[in-house]
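Each value in this text was obtained by applying a stated rule to the coordinates, not by laboratory testing. What you are looking at is a predicted structure, and each value in this text was computed from that prediction instead of being measured. FYI the Cβ positions are ideal-geometry reconstructions off the backbone, even for glycines, and counts take in every protein chain you see.
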C-alpha cells in the first residue's frame, strides 16, 4: 500500500490525545471517532496529521500549501459554531483543488435542508412521511392529507431544537398548539410530518459513480418502549448508564422480513443519487410493523418536574437541547443548555423561558457536560469543559457573562465550599481543584 500524507480535519476541541488508556469509556466517547480514525490510518502506515479547526481556515491553507497532503480526511460537523457551515469548508477544499473524503458541498446542502430534501425525495417517489410546512407569522391551515399522529419540529434548526415527546400530537388542537410553540420558541417555520412508530434502521452508502451499501444496522430501544416513544435522544445515543438501564443497543439488524434488505439497498441508493451525494453517507429510516419504510429524523429534549407525595412526572417545558445542569435562582430554575449556547431561566410553574443568559464558553454550540452553581452574590457559576473555563453569569441579565478562570481542561461539576471558594472537577485529569471567586 502506498504511504499517503493524510490531513485529518477535526473540530479544534476534538483533537484526541495520543492515548485514551487513562480515560473511562464515557470520557473517551467525546473524541472516540477522531481517535479511531487517526490511529487506524497510522497503523496502516500513513503519515497522519490531525488539524483542529474552529472559525478560521488560515492553518488549513498553510497545511495544504506547505505539507501538500494527498487527501484531507474530513471529520468536521460544523464551522464557527454553525452546523450548516461545514459544507463551506468542503467547498474551500474544492477551490484549493484538494482531494478530500466525504460528501460534496452540494449534497451536504441538499441533505441538510429538511423541506427541500423531502420535496426532492417526494418528486422521485421515494417514500417519506407526509409533511406540511407552516410558516411563521401566518395562521395555520391544516391540510386534510395529514394523518395523525403527527410529529412537529423546526424546519431549519438542528440539535433537536424544540423536539420532545410532546412533539407527537394526535388531534388538531394539540397540533396548533405545537406549531405555535415552534414558531415562538425557535423563531422558525414549523415542519409537520406523519410520525412513524417503528424500527429505527441505518444503512451506509459508499462511493461516487459506483455505489456500495453496507449491511443495515438497527437501534433497539429495549425497555424504553414500555414508557415512552422510541426516539433517538442524546441519552439514548451516548449515555452508557442509560443504555445499560434500558437495554438500548445498536447492532446489525436481525429478523428483517423477506425482501426488506434488498428494498433497503435500493432505497438507500436512490436517496443517495437524488440528493447528489458522494463519498459516503448514512441513511436513517423507519420501518413500520408491516415492513413499510420511511426516511425519519426525530429527537427529544424535556425539563421534568416530580411532585410529592406520589412523585408524578410533569413536563415543565421543552428546551433547545440536552439539559446538563440545574440550579434554583430568583424563584426560577436555571437550566444549562450548552448546544443553545446559553443558560435558560425557566418558570417552574408555567414552563416559560423568562430569560436567556449567553455563556461564551459554550459559543461552539456543541454538546458538553456543563454544570451550574449559585454563588453567595446570587450570580451563577457555569463550567465549560470544551474550553476549560468557568464563567460567571448575572441571572438578572443586566450584565454579560464574565470569565472567572480558564486553563481547567475538562472542567465539569462545580460546588460552592463553606469558605466561599469553588470546588471544580477536572474530569479529564481525574482531580479536583479550588477556584477563588476573587481570581
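One Cα centroid belongs to the stretch 1-17, the other to the stretch 198-276; the line between them spans 28 Å. Based on the alpha-carbon gyration tensor of the chain and its eigenvalue square roots a ≥ b ≥ c, which shape applies: rounded if a/c is under 1.5, prolate if not and a/b is larger than b/c, or oblate? Oblate, since a/c reaches 1.5 and b/c is not below a/b.
Give the shape of the stretch 244-285 as rounded, prolate or oblate, defined through the alpha-carbon gyration tensor: a ≥ b ≥ c are the square roots of its eigenvalues, a/c under 1.5 means rounded, and otherwise the shape is prolate if a/b is larger than b/c and oblate if not. Since a/c reaches 1.5 but b/c is at least a/b, the shape of the stretch 244-285 is classed as oblate. Each of 47, 239 has some number of other Cβ atoms within 10 Å of its Cβ, and from fewest to most they run 47, 239.
Taking 0.36 nm per residue of sequence separation and removing the Cα-Cα distance, the residue 171/residue 5 pair yields an extension gain of 54.0 nm. Per-residue Cβ neighbour counts within 10 Å put 242, 100 in the sequence 242, 100, beginning with the fewest.
Each residue in 206, 231 was given a count of other beta-carbon atoms within 10 angstrom of its own, and listing them fewest first yields 206, 231. The stretch 324-352 and the stretch 57-76 have their alpha-carbon centroids 41 Å apart.
Using 0.36 nm per residue and subtracting the Cα-Cα separation, the extra length available between residue 62 and residue 94 on full extension is 10.0 nm. Per-residue ellipticity at 222 nm, computed for the chain from helices alone with -39500 (n - 2.57) per DSSP H run of at least four residues, works out to -6000 deg cm²/dmol. Between residue 206 and residue 406, the simple label model (points 7 Å from Cα in the Cβ direction) yields a spacing of 4.1 nm.
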